[in-house]
Every structure is written in structure tokens, then in C-alpha cells.
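Notes follow the structure.
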Amino acid sequence: MTARPLTCREVIILLTDYVEDALPEQERRRVEAHLASCDGCTTYLEQMRETIRLTGMLTEEQIPDAERERLLDAFRGWTRPR
């Protein structure tokens with residue numbers, strides 16, 4: 001039985017695990033199949049990788065306290081249901 005194609009929303013949810021190589025092989029293939037035909041999700045993935053690369057250059061001490069709190073608040077709000 002072939003799994004149905006993933007939606008963009010589903011791919012976005014899976015991208016962190018995809019980038020961290022934490023998806024089971026079948027899910028990884030489904031994400032890659034979607035990425036092969038979706039410019040929007042491919043761009044999102046590229047932006048995510050670039051953000052990880054750039055933020056990996058920062059140390060916690062380099063982020064001003066006020067900015068760190070704004071980031072933490074944004075991430076806390078991001079996971080709350082709306």
C-alpha cells in the first residue's frame with residue numbers, strides 16, 4: 001500500500017526531524033517526494049538550514065538579554081494552539 005502524499009502543512013511539521021535525520025526512512029522518503037515537487041517547501045527548508053547555520057555561529061552571551069527574551073517568547077507562542 002502506497003502512503004498518500006504529504007501536504008505542505010505536514011511537511012513543515014516534519015522538517016525539524018528531517019533536518020536532524022530523525023525521521024523513519026519511509027517518512028523521510030515521503031518528505032523528499034514532496035520537496036521534489038514543491039518549491040515553497042524547498043525554499044522553507046533552505047531558509048531553515050540557513051537560519052541554523054547562522055545562529056550556530058552565535059553564543060548565548062552574544063545575544064542581548066532583551067532580544068533573547070523576545071525570541072523565547074516567540075517560540076513559546078509558536079507552539080500554542082490558536
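Things worth noting here:
- When residues of the stretch 1-33 are limited to those that are of a type in the set (A, V, I, L, M, F, W, C) and more than 16 Å from the chain's Cα centre (by Cα), the one least open to solvent (accessible area, probe 1.4 Å): ALA3
- Residue, farthest from ARG68 (Cα to Cα), within the stretch 34-57, restricted to residues that are of a type in the set (A, V, I, L, M) and open to solvent by 60 Å² or more (accessible area, probe 1.4 Å): ALA36
- Qualifying helices (runs of 4 or more DSSP H) (wholly inside the stretch 13-82; at least 2 residues being at pLDDT 90 or above, among the aromatic types (Phe, Trp, Tyr) and touching a His at 6+ places or on another chain (Cβ under 7 Å)): none
- The C-beta contact set for the stretch 21-36 (first residue free of Cβ contacts under 8 Å to residues at least 60 places away in the same chain, second residue among the aliphatic types (A, V, I, L, M) and surrounded by 12 or more Cβ atoms within 10 Å (Cβ to Cβ), distance under 6 angstrom, 6+ apart or interchain) comprises ARG30/LEU6; VAL31/VAL11; VAL31/LEU14; HIS34/LEU6; HIS34/VAL11.
The values are calculated or read from the model by the stated rules, or taken from the named source; none is laboratory data. Only a predicted model underlies this, so the values are computations on that prediction, with no experimental measurement involved. Don't worry about glycine lacking a Cβ; one is built from the backbone with ideal geometry, like all the others, and counts go over all protein chains shown. Keep in mind that these areas ignore ligands, DNA and RNA; they rest on the heavy atoms of the full protein, side chains included. Shrake-Rupley method; radii C 1.70, N 1.55, O 1.52, S 1.80 Å.
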